[in-house]
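Written below as structure tokens is the structure these notes are about.
The values are calculated or read from the model by the stated rules, or taken from the named source; none is laboratory data. All values derive from a computational prediction rather than experimental measurement. Here Cβ is always computed from backbone atoms with ideal geometry, including for glycine, and neighbour counts include all displayed protein chains. Accessible surface is based on the protein model in full, side chains and every heavy atom, while ligands, DNA and RNA are left aside. Shrake-Rupley method; radii C 1.70, N 1.55, O 1.52, S 1.80 Å.
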Amino acid sequence: MTMKTAVFPGSFDPITRGHVELVKRAAPLFDRIVVAVGINSQKQTLFDLEQRMQWLREVFAEEPKVSVDSFEGLTAHFCQRIGARYLLRGLRNASDFDYEKTISQLNEIVGEGLETIFLISQPAYSHISSTIVREIIKGGGNARPFLPDQLQLPARYNTTP
Ligand code: ADP
């Protein structure tokens, strides 16, 4: 029997409660979920790769089906390398849909049958994005409501009460 492996790719800059909720809901559907940080040297991130990976490892430490990895280059090629036939992505709104639809159609071709499985985010999480969380952190606001409990921000980002 072949393992049903899904890759959940993203920047995770940083991981949010929205990402965690998605992975937990997807866990019963797959034998293994690889949460994979895509390395894009053109893209400036707030947190470096090692920090983002460490948070992912901490957050999913108790999830036996979940492992953490990173990759450079095309997501579809990474999936082929590790024998994953499925991509996991979340949909929060119509703009996610428009963007994700094109990417999933391309990945189906480039990844030779790679299937993208979409989960629609629950209402309580659909307003959370890493982009907004980064803005709150940079502005000195309290980002805790959006971050997994395990995640400790570096001291320089401690919020003012
Ligand atoms: P990217 O850099 O590829 O946009 P992200 O780390 O921002 O990566 O997001 C990775 C995936 O997680 C995407 O499929 C995105 O739609 C999904 N996602 C992000 N936030 C949420 C959320 N609040 N609820 C559900 N899915 C989400």
Which of the residues that make up segment 31-56 are open to solvent by 10 Å² or more (accessible area, probe 1.4 Å) and not in a helix (DSSP H, G or I)?
-> D31, R32, G38, I39, N40, S41, Q42, K43, Q44, T45, L46, D48
Could you please find all residues in segment 116-152 being assigned to a helix (DSSP H, G or I), open to solvent by 40 Å² or more (accessible area, probe 1.4 Å) and either near the ligand (Cβ under 8 Å from one of its atoms) or β-branched (V, I, T) (or both)?
-> Y125, T131, I132, I136
How about segment 60-113: which of its residues are open to solvent by 30 Å² or more (accessible area, probe 1.4 Å), in contact (Cβ under 8 Å) with a residue 40 or more places away in the chain and more than 14 Å from V23 (Cβ to Cβ)?
-> T75, I82, G83, R85, R92
Restrict the check to segment 72-84 and report whether at least one residue is within 15 Å of the ligand (Cβ to nearest atom), part of a strand (DSSP E or B) and touching a Phe, Trp or Tyr at 6+ places or on another chain (Cβ under 8 Å).
-> no
Residue match in segment 7-23 (condition: away from the ligand (no atom under 11 Å from the Cβ) and of a type in the set (D, E, K, R)) = no
